[in-house]
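The values are calculated or read from the model by the stated rules, or taken from the named source; none is laboratory data. What you are looking at is a predicted structure, and each value in this text was computed from that prediction instead of being measured. Quick reminder, even Gly has a Cβ in these numbers, built from the backbone with ideal geometry, and neighbours come from all protein chains shown.
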Amino acid sequence: MKAIVIENYGGPEVLRLKEVPTPSITDHSQVLVKVRATSVNPLDYQIRRGDYTSLFDLPIITGHDISGDVIAVGEAVKQWRPGDKVYYSPRFGGTGSYAAYHLAEESSLSRMPDNLSYEEAAAMPLIGGTVWEMLAVRAKLKKGDTILILGGAGGVGTLAIQVAKALGAFVYTTGQSILHEKLQLLGADVVIDHHKKNYVEEIQAYTKGKGVDVIIDTIGGSTLSDSPLALANYGSIVTLVDIAQPQNLIHTWEKNATYHFVFTRQSRDELHHITGLIETKHVKPIIDSIYPIEDVRKAHQRMEDTKRDRPLFGKIVLSL
Ligand SMILES: NC(=O)c1ccc[n+]([C@@H]2O[C@H](COP(=O)([O-])OP(=O)(O)OC[C@H]3O[C@@H](n4cnc5c(N)ncnc54)[C@H](OP(=O)(O)O)[C@@H]3O)[C@@H](O)[C@H]2O)c1
C-alpha cells in the first residue's frame, strides 16, 4: 500500500511517499480500515521534527485522524462489519493515518456521522475528543457561563466555539480581523484581534473587570501566566499546550483559579458527544483546505508557516 513515511526527523521534506506492506488482521479483536481521508494536526509536524523521539522509533507513519471503510474484521469483532463507515483517532504511539489502510482495535472506532463526507469526517476525531474533554469534562461548561477561546481560527478553536455555543455559553475568542465575520457565524459573540489588541485588557473592558468563567488555551507562550488576569474568581483555565519553561502563577492564586492540562489519547467516548452535535446540526467541520496525500509536504508547510498568504481557518485535510 502507499504510505507517507518519516525515515529521518526534519522539515516537510522528510515526508516521503513509499510502498509498504499492507497490514493484515493478526488478532481476533482487530479491524482493517481503508483510509479515505485524514488530516494534519500540529502533533504530526511535532512528531516529524523530533519533539517525541522518546516515544517513537523511526521509521514512522504519523497521522491522528481517519475516516474510512471497514474492509475486514477479526473473529471476535461484534460491532463492525465490512462496508461500515467509521471515523476515529489512531492510538497515540502506534501506526498513524497517513496510509492507504489502517489496522485498529475494535474499541477505537466510532460510526461516521451520516451527514458528513469522508473529508469532513476526517477533520473531526482528534479535535472532537479534545474539545469535548476540555469544555464538558474538565471545565464543566454550562448555560450562561462566559468563555474565552484563545486561537479561535485554528482546528481546535473553530470547533470549540461551536461546542461552547451549543452548551449555552457566551463566547469570546481571538482571531485576525479578516476572519471576524466567519468566527461570528460559528457562534462567537465577541472577537478580539490578537494581532492588534491585548486580550486581557479587552476582556477586562467587556466584562467590567469581572473576567470570564473559563479560558481555553490553544496557543501556549505566556498564556498560563497572563490569562488569569482575564479570569473571574474561581474560574478555570484549560490548556492543550505543553511548555517546558517555568511559569509565574501568582495571578492564578489571587483568583482561586483551577488549571486543567489536557493531552488527548484515546477519545472515543468524547467523540460520541461530538457525533451527536454534528447529526443535530449544532456543529459542522470547518475545512481550511484539502490536499491529495501526495501533497502532504505542502499541507504541513501551510500549517507550520505562520507567514501565510491567507490566514488558517479550520482544519487541513488530506484525501486518499
Ligand atoms: N494536548 C492535546 O491533546 C492537544 C490536542 C489538539 C491540539 N493540541 C495543541 O493545541 C494547539 C492548537 O492546535 P490547532 O490544531 O488548533 O492548531 P492550528 O490549527 O495550527 O491553530 C493555531 C491558531 O492559533 C492562532 N494563534 C497563534 N498564536 C496566537 C496568539 N499568540 N494569540 C492568539 N491566537 C494565536 C493562529 O492564528 P494566526 O493565524 O493569527 O497566527 C491559528 O488560528 C497546538 O499546539 C496543538 O499541538 C493539543
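Worth a mention:
- Among the candidates Val40, Val35, Val73, Val77, residue that is buried (at least 24 other Cβ atoms within 10 Å of the Cβ) and closer than 24 Å to Asp269 by Cβ: Val35
- Taken over the stretch 175-202, residues that are within 10 Å of the ligand (Cβ to nearest atom) and either outside the structural domain of Ser225 (by TED's automatic domain parsing) or farther than 19 Å from Arg310 by Cα (or both) amount to 1.
- Test result for Ile293, surrounded by 20 or more Cβ atoms within 10 Å (Cβ to Cβ), in contact (Cβ under 8 Å) with a residue 40 or more places away in the chain and assigned by TED's automatic domain parsing to the domain that holds Arg49: yes
- When the residues of the stretch 210-263 are filtered to those that are of a type in the set (Val, Ile, Thr), touching a Gly at 6+ places or on another chain (Cβ under 8 Å) and not in a strand (DSSP E or B), the one that is farthest from Lys140 (Cα to Cα) is Ile243.
- Residue match in the stretch 21-28 (condition: within 26 Å of Phe263 (Cβ to Cβ) and in contact with an Asp or Glu (Cβ under 7 Å, 6 or more places away or on another chain)): no
- Long-range neighbours under 6 Å by Cβ, at least six apart or interchain, first residue assigned by TED's automatic domain parsing to the domain that holds Gly96 and in a helix (DSSP H, G or I) within the stretch 39-66, second among the acidic types (Asp, Glu) and within 12 Å of the ligand (Cβ to nearest atom): Tyr45/Glu304
- Cross-chain or 6+ apart pairs with Cβ under 8 Å, the stretch 299-312 first and part of a helix (DSSP H, G or I), then among the polar types (S, T, N, Q): Ala299/Ser289; Arg302/Ser289
- The number of residues in the stretch 6-25 being of a type outside the set (Gly, Ala, Ser) and free of Cβ contacts under 8 Å to residues at least 60 places away in the same chain comes to 9.
- If the condition is being farther than 26 Å from Pro90 by Cα and within 10 Å of the ligand (Cβ to nearest atom), then the stretch 123-153 contributes Ile149, Leu150.
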